[in-house]
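Presented below is the structure to which this report refers.
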Amino acid sequence: MIARSRALFAVAVIVSIVIVSTEFPLGQLTHARAAAATASLQLSRLKAENRLLASEVASLHRDASIASIAHREYGLVSKGDQSVIVLPSTGAKATAASGPLGPNMIPKADIFPSDAIVASGSSPSAKAVKPQSYWARLLQRLEFWKAVP
């Protein structure tokens, strides 16, 4: 009788383990935990990027950084300065010895001044544009055939 009750108890324990292992969503819990970890990592990266962008926005409110970006990305220079563009020589082949620190000088024919100037106000050489009325602009757009030769 005791052996039979022990066997019945063992079978009940095994059946309960099978029921719990098949019904308990262990796989879903591990997937949800991995998804939460991925989302947390992405959130921390986005917060770091947000702090970086906020500091960049704050720096764009300063005139010095705006002038620096205008000079670096668009080649604009401050009023009174002159921008120079150096084109590569077409006749001679460039070698490693004639790099920027080489003994060769840049020929005067390869140096061109640039006309781009960053001014705080309007320059005196700029042409005054007369404002046109709505109807004048509309007629100018409708007269597209006058531009065809």
Discussion item. For a distance above 20 Å, tell me the whole-number percent of Cα pairs in segment 1-61 that qualify.
Written reply: 63 percent
Item to complete: Taking H placed 1.01 Å from N in the peptide plane, check which residues at least 5 places from Val77 or on another chain put their amide H under 5 Å from its amide H.
Response: Ile117, Val118
Worksheet entry | Derived scalar couplings ³J(HN,Hα) [segment 61-75; Karplus, 6.51 cos²θ - 1.76 cosθ + 1.60; whole Hz; x for Gly, Pro] | 8, 9, 5, 5, 6, 5, 5, 5, 5, 4, 6, 5, 8, 10, x
Worksheet entry | Computed magnitude of the charge dipole of segment 1-61 (debye, nearest 20; Cβ of K, R +1, Cβ of D, E -1) | 280 debye
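Computed from the coordinates by the stated procedures, all read-outs in this text should not be read as laboratory data. What you see is a predicted model, and the numbers here were worked out from it, not measured in a lab. Here the Cβ is made from the backbone with ideal geometry for all residues, glycine too, and neighbour counts use every protein chain on show.
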